[in-house]
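This report concerns only the one structure given below.
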Amino acid sequence: MIFRYLTLLFLLPACALAKSSEPESVKLVKACNELVAMYDRDGQENKLVSWFGSVSEGMQAGYCRGVIVEYRRNDKLRAAEQWPSHERCNQPDWFSQAQQVASYSPDYVRRHSVDSLLEASCGR
């Protein structure tokens, strides 16, 4: 009986330290696909999704939205403070930018970082 617990004791740290082999850019695109699926074309939240969606899907969608909102906030700060000639994001809002990120092909995503995906989704 004690051997079962000893095995578990040794396996838990290994599982906790294991990293996903999936690049961050792929995770972002998958998360943005979840986010776009939760909204209609006009960016209005689909109430049925909130009833039938899983917690995991909601967390992924929140990750995408958080990354894009922070990127846009920092982009505005850079434009205002550091580079007056800095070109702003061409996407009108976070949802439009999330749709653009979600539309990228897997091959394109694997070759680019999160930063370059966000820059490209802005239309720069």
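The values are calculated or read from the model by the stated rules, or taken from the named source; none is laboratory data. The model shown is predicted, which means the values in this text are computed figures rather than measured ones. Cβ coordinates were reconstructed from backbone atoms using ideal geometry, including for glycine residues, and neighbour counts include every protein chain displayed. Side chains included, ligands, DNA and RNA excluded: accessible areas come from the protein's heavy atoms. Shrake-Rupley method; radii C 1.70, N 1.55, O 1.52, S 1.80 Å.
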>> I'd like the full set of residues that are surrounded by fewer than 14 Cβ atoms within 10 Å (Cβ to Cβ) and within 13 Å of Ser25 (Cα to Cα), limited to region 114-124.
In response: Asp115, Ser116
> Which residues, taken from region 61-113, are open to solvent by 70 Å² or more (accessible area, probe 1.4 Å), more than 17 Å from Ser25 (Cβ to Cβ) and at pLDDT 90 or above?
Replying inline: Arg73, Pro92
>> When you scan region 49-59, do you find a residue that is at pLDDT below 65 and among the small types (Gly, Ala, Ser), even just one?
In response: yes
